[in-house]
Amino acid sequence: MSEQYPQQQPGSVLEIRPTFFFLAFLLVFFKPYYSINRSPAVQAQWKQNHVPVPPGRYEVTVWVNYLFRPQLGINSVLVDVPPGSSAVVRWRAPLTIFTKGRIGVAGVGPLEGGSQQGQQQAIQPTYSQQPVQQQPVQQQQSASASGGWHPDPTGRHQVRYFDGSAWTEHVGDNGTQSRDPIG
C-alpha cells in the first residue's frame, strides 16, 4: 500500500554570530569565515549571518584569516537544529593569535513569521546538507525534535518517520512510503 507523506517540512535557520573584543578593532578589516559540516569556507559578516538549513545536526566551524595567521581562532561546535527553529551559534575571536576563539550555542528558538518567508527566497547554500552523524542513530535525535517526517539519519532513504521519541521503520522515497527496519 502506498501512502503519500508531506513533501515539505518546516525549514530551519542557523544564525552564526562572529564577534570580537573592542580592543581588537583591527579585526574589522578582516572578514570572518564559517564552514558547515566541513564544507568549503563561506565568507561571513561580523555580527549576524542567517543560513537556511534542513533540520538536523551540524558541525559549525568559525575563524578569521588574519595577516600571516590563517584560520585565526578556529573552533567548532555541534548544534542540533529542530524543524521550524532557529539555532544561534556565537563565536568570539581570541584575545591572542595563539588561542582558539570561544564558540557555543547561544540558544534554539522558533522561527519568526517573517524569517520563514525570507528563508524560502534565499539562495541555496553550497555546503553539504547531510547532517553530521556522530552518535548511533537511536541517540541522534534532539530532545526538542517533534514527531514527523525528517531526513533519514541512516542515509538509506530520503525521509524516515520520527514518532517523537524514536525513529520508526516507516521510510519514504519520491513520495512513496515503505518499511525498512532501523537496525
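The values are calculated or read from the model by the stated rules, or taken from the named source; none is laboratory data. In this text, all values refer to a predicted model and were calculated from it rather than measured experimentally. Every residue, glycine among them, receives a Cβ derived from its backbone with ideal geometry; neighbour counts consider all protein chains shown.
Looking at (1) under 14 Å from the mean Cα position of the chain (by Cα); (2) of a type in the set (S, T, N, Q); (3) modelled with pLDDT under 90, can you tell me which one residue 121 breaks?
If we test residue 121 against (1) under 14 Å from the mean Cα position of the chain (by Cα); (2) of a type in the set (S, T, N, Q); (3) modelled with pLDDT under 90, just (1) comes out false.
Tell me, which residue of segment 31-41 that is farther than 16 Å from residue 75 by Cβ and in contact (Cβ under 8 Å) with a residue 40 or more places away in the chain is surrounded by the fewest Cβ atoms within 10 Å (Cβ to Cβ)?
Per the criteria, the residue is 40.
Any residue in segment 85-112 that's surrounded by fewer than 16 Cβ atoms within 10 Å (Cβ to Cβ): show its pairings with residues that are of a type in the set (S, T, N, Q) at Cβ separation under 7 Å, as long as the two are six or more apart or on different chains.
Going by the 7 Å Cβ cut-off, the qualifying pairs are 100/75; 109/85; 109/86; 110/85.
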